[in-house]
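To start, the structure itself, in structure tokens.
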Amino acid sequence: MDWLEDRKIPVGRWARNLFDWLQDIGGPFFDWIANVMEGLINSILWVLQTPHPLIIVAVFAGLTWYLQRNWKTPAFVVVGLIFILNQGYWEETTESLTLVLSACLVCMAIGVPIGIAAAHRPRFYAGLRPLLDLMQTLPTFVYLIPAIVFFGIGMVPGLLATVIFVLPAPIRMTQLGVASTPTSLIEAGQAFGATGRQLLWKVELPYALPQIMTGLNQTIMLSLSMVVVAALVGANGLGVPVVRALNSVNTALGFESGFVIVVVAIILDRMLRIERK
């Protein structure tokens with residue numbers, strides 16, 4: 001098979017040339033993105049770390065009660081956050097939450113409008129689907145390469161890699177929710193003289209809200225799955241002790257930090273679980 005390898009398609013060289021070209025022409029643009037992302041990260045981190053931890057616990061409990069309207073879920077959230085405080089991982093948890101919340105804000109701000117456009121334009125979604133499949137199936141470590149090339153080491157490349165990996169989830173779920181709006185509801189709105197914008201805001205989006213919230217839930221879970229990967233490029237958070245435990249074969253540290261990640265994931269999942277009534 002040497003004759004076939006001698007005619008190897010230079011995919012790697014093409015990718016390297018593309019990154020070099022983007023660096024040459026897009027330096028100021030990437031600097032602007034880095035500044036925006038860094039400002040977002042620092043703002044969320046300040047909100048989570050400046051108040052006393054018990055105040056943040058109370059805020060999370062109140063927000064959970066507002067969303068779920070029962071006492072069991074807020075009680076679980078309080079117990080989970082107190083457990084994290086007890087284990088001594090509060091600072092790492094707030095750093096991971098900052099990465100997750102930043103990724104959610106960016107992904108939902110981009111993904112929901114794209115999902116709405118895809119639901120109204122089937123041919124656009126048909127062309128978009130292979131790109132979404134590629135973004136979700138490409139190994140997550142591959143995303144770290146361009147992130148490091150363009151943004152160096154730190155929280156920003158970790159956030160960028162997370163956004164690229166997570167973005168298909170809100171796009172797919174928003175498209176599914178809007179596209180599955182019953183025809184009878186749309187026809188009823190049209191019969192009452194609703195415009196296209198009114199149909200979107202008063203019919204399609206309310207009906208699609210459970211799917212959109214499911215997309216948000218998936219965004220959070222996938223972002224948490226990138227915590228350890230982001231730690232490899234210098235992002236702070238719960239991934240750092242996991243990587244440290246892996247390097248030193250420290251079973252206790254690895255189990256502690258890994259279990260805290262699970263607790264955070266369950267807390268966020270229970271907080272944001274909204275079912276259609």
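The values are calculated or read from the model by the stated rules, or taken from the named source; none is laboratory data. Owing to the predicted nature of the structure, the values given are computational and were not obtained by experimental measurement. Note that each Cβ is placed from the backbone with ideal geometry, even for glycine, and that neighbours are counted across all protein chains shown. For accessibility, only protein heavy atoms count, side chains too; no ligands or nucleic acids. Shrake-Rupley method; radii C 1.70, N 1.55, O 1.52, S 1.80 Å.
Simple point charges give the picture: +1 on the Cβ of Lys and Arg, -1 on the Cβ of Asp and Glu, and for segment 1-114 a dipole about the Cα centre of about 540 debye.
When the alpha carbon gyration tensor of segment 17-125 is reduced to an equivalent ellipsoid, the three semi-axes, largest first, read 35, 23, 11 Å. Counting only protein heavy atoms and a probe of 1.4 Å, the accessible surface of the chain is 67% carbon and sulfur.
With a cut-off of 19 Å on the backbone N, the residues of segment 15-47 near the modelled label site 7 Å out from Leu138 along Cα-Cβ are 15-27, 30-31, 33-34.
Solvent-accessible surface of segment 166-272, averaged per residue with a 1.4 angstrom probe and all protein chains in place: 46 square angstrom.
In square angstrom, what is the accessible area per residue of segment 1-143 with a 1.4 angstrom probe?
Each residue of segment 1-143 exposes 64 Å² on average to a 1.4 Å probe.
Projecting the Cα atoms of Phe29, Leu132, Leu209 onto the charge dipole of the chain (Cβ charges, centred on the Cα centre) puts Leu209 farthest toward the positive pole. Per-residue 3J(HN,Hα) values for segment 85-101, derived from phi via the Karplus relation 6.51 cos²θ - 1.76 cosθ + 1.60 with θ = phi - 60°, read 4, 4, 7, x, 10, 5, 4, 5, 5, 5, 5, 5, 4, 4, 4, 5, 5 Hz in sequence order (x marks Gly and Pro).
Less than 5 angstrom separates the built amide H of Leu238 from those of Ser96, all sequence-distant by 5 or more or on a different chain.
When Cα extents along the principal axes in Å is calculated for this entry, the matching label among (1) 64, 58, 40; (2) 53, 42, 34; (3) 81, 38, 33 is (1). Take every Cα pair under 8 Å whose residues are at least 6 apart in sequence, average their separation, divide by the length of the chain, and the relative contact order is 23 percent.
For segment 71-84, putting each phi into the Karplus relation 6.51 cos²θ - 1.76 cosθ + 1.60 with θ = phi - 60° gives couplings of 8, 5, 5, x, 5, 5, 4, 4, 4, x, 5, 5, 4, 4 Hz, in residue order, rounded to whole numbers and with x for Gly and Pro. Among Leu209, Leu138, Leu81, the sequence by solvent-accessible area, most first, with a 1.4 Å probe is Leu209, Leu138, Leu81. For the pair segment 168-201 and segment 130-144, the centres of their Cα atoms are 30 angstrom apart. Modelled spin labels at Val47 and Arg123, positioned 7 Å past Cα toward Cβ, are 4.1 nm from each other. Between Leu105 and Val249, the distance separating the two model label sites (each 7 Å from Cα on the Cα→Cβ line) works out to 4.3 nm.
Each stretch of four or more DSSP H residues adds -39500 (n - 2.57); spread over every residue of the chain, this sum gives -27000 deg cm²/dmol at 222 nm. Between Ile266 and Val11, take the C-beta separation as r, use R0 = 41 Å, and let me know the FRET efficiency to the nearest 0.05. The computed FRET efficiency comes out at 0.50.
The length gained by stretching the chain between Leu209 and Ile33 to full extension, at 0.36 nm per residue less their Cα-Cα distance, is 60.4 nm.
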